[in-house]
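The values are calculated or read from the model by the stated rules, or taken from the named source; none is laboratory data. Every value quoted in this text rests on a predicted model; they were computed, and no experiment measured them. Note that each Cβ is placed from the backbone with ideal geometry, even for glycine, and that neighbours are counted across all protein chains shown.
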Amino acid sequence: MTIFRVARVGVGLFFALSGYLKLLEPTANFRAAVESYRILQGEPALWFARALPWIELIFGVYLAIGLWKRLSLGVLWTINTVFIVALVSVFWRGIAIQDCGCFGQSLFSFTPGHMLVNDIFLWFLFLMLFLNRKGEAI
C-alpha cells in the first residue's frame, strides 16, 4: 500500500468519523458549536449543522473506499479550508471557544488551537494527495 493510499484512507476515515459522531447527537448540539464561532446564526447555522455531518460522512467514506476520489478530495479539502479560516477568525476576533465541535460532544474534545494544528496538517495531506498525478495510486 502506497503512502498516498494510506493518506487517502486515513483522511477519509477521519472525516467519516467526524460526521458520524455528530450525527449521533441532536442537531442542536452541533448548531450551538457552529453559532459559538459567531459566523453563522439562526437558520443558516441550523442548515449548516444539518448538512455538514452528512457531507463529511458520505464524502469521507467515498474517499476512504476510493469512490469519486477527486470529487471527494475536493469537497473535503474545501471543508477543511473553511474550518481553518473559521478557526483563525476566532483567534483573530478574540472569541473564547472551549470545544471546536469537530467531533460533536463525543469522547474527542479538541480546543480550537489543537484543531487548527490538526487542520493545517490535514490541509497539507490534501495538497499531497491532490498533487499526486498517479490517480490510481491514491
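Does residue 104 satisfy being more than 26 Å from residue 128 (Cβ to Cβ), buried (at least 20 other Cβ atoms within 10 Å of the Cβ) and not basic (Lys, Arg)? Taking the combined requirement at face value, the residue satisfies it. Could you list, in sequence order, the residues of region 1-12 that are within 16 Å of residue 103 (Cβ to Cβ) and either surrounded by 15 or more Cβ atoms within 10 Å (Cβ to Cβ) or touching a Pro at 6+ places or on another chain (Cβ under 8 Å) (or both)? Matches in region 1-12: 11, 12. The condition of being in contact (Cβ under 8 Å) with a residue 12 or more places away in the chain and crowded, with 18+ Cβ neighbours inside 10 Å holds for residue 36. Evaluating residue 103 against the criteria (1) assigned to a strand (DSSP E or B); (2) farther than 17 Å from residue 17 by Cβ; (3) aromatic (Phe, Trp, Tyr) leaves one unmet condition, (2).
Being without any contact (Cβ under 8 Å) to a residue 40 or more places away in the chain and of a type in the set (A, V, I, L, M, F, W, C) is the requirement here; does residue 11 meet it? So residue 11 fails the test.
Within the set 46, 52, the sole residue that is touching a helix residue (DSSP H, G or I) at 6+ places or on another chain (Cβ under 7 Å), free of Cβ contacts under 8 Å to residues at least 40 places away in the same chain and farther than 24 Å from residue 4 by Cβ turns out to be 46. Looking at region 47-59, is at least one residue closer than 22 Å to residue 132 by Cα, modelled with pLDDT of 90 or more and under 16 Å from the mean Cα position of the chain (by Cα)? Yes, there is a match, as at least one residue in region 47-59 is closer than 22 Å to residue 132 by Cα, modelled with pLDDT of 90 or more and under 16 Å from the mean Cα position of the chain (by Cα). Residues that are closer than 14 Å to residue 72 by Cα, touching a Gly at 6+ places or on another chain (Cβ under 8 Å) and not aliphatic (A, V, I, L, M) within region 6-18 comprise 8, 12, 14, 15, listed in sequence order.
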